[in-house]
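Each reported figure results from applying straightforward, stated rules to the coordinates on display, with no laboratory input. No experiment lies behind these values; they were computed from the predicted model shown. Every residue, glycine as well, gets a Cβ built from its backbone with ideal geometry; the counts of neighbours run over all protein chains shown.
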């Protein structure tokens, strides 16, 4: 099967020809030094849509998220990124964050010595208001129970909830999630899944990178598969779930 050719059968549908896409990136090319990591990646998304960005380890998924978030590495050398009519490709990471991009990294980045509530407070030092405490605590009741507890002493699942809650406490438009289910027990993963459904219902656009491809596809509207930094397939979540050959070749499932 030629998955690269197959990918052209599924053009992205966020732009209906009349309404501009809420989020667009075009021709992203990113490097770590001389290593060419993200190779001509493009996508369009509607507001509130979830895309699962899939692929084997080393396929370029995290690097793509970091390129979109305008992290200092990898270096984005060419391409365009637009969110809600604002260009991001010419911005630094803090400027992209102020524009509404929030990256929840795999390591969660909980700040040592600060309580749950203080971690949430620190996320909003810009003064741009996102979700308030009660809305976040409604989404993650465990955080309310532990609001005075030091963030780094939480369980892995609770730290993931705090990382997502911290992103939502800002003025967020685009949520980038890097391996949110990593190391989590099934019951905790279900809590995260329920929360992400509510996030989608609130109109927040989400790109989900996850090694547990089946779990990611349960949530996603569409899927993009990367291999060696290139898009080799794009289509609906059902397209991937129904295509055993594709899943075996690029996802090992």
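The table for this structure:
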| quantity | calculated |
| --- | --- |
| Ellipticity estimate at 222 nm from DSSP helix runs (n ≥ 4, -39,500 (n - 2.57)) divided over the chain, nearest 500 | -8500 deg cm²/dmol |
| Modelled FRET efficiency - R0 51 Å, residue 145 with residue 42, Cβ distances, 0.05 increments | 0.75 |
| Mean Cβ count within 10 Å, highest first, over the residues of peptides 146-156, 225-235 | 225-235, 146-156 |
| Distance cut-off 33 Å, percentage of C-alpha pairs in the chain lying past it | 16 percent |
| Cα long-axis angle, helix 156-168 against the chain (0 to 90 degrees, to the nearest 10) | 80 degrees |
| Crossing angle, helix 186-201 versus the chain [Cα axis fit, 0-90 degrees, rounded to tens] | 80 degrees |
| Paramagnetic reach from residue 185 in the range 149-165 [backbone N under 14 Å; point 7 Å along Cα→Cβ] | 155-159 |
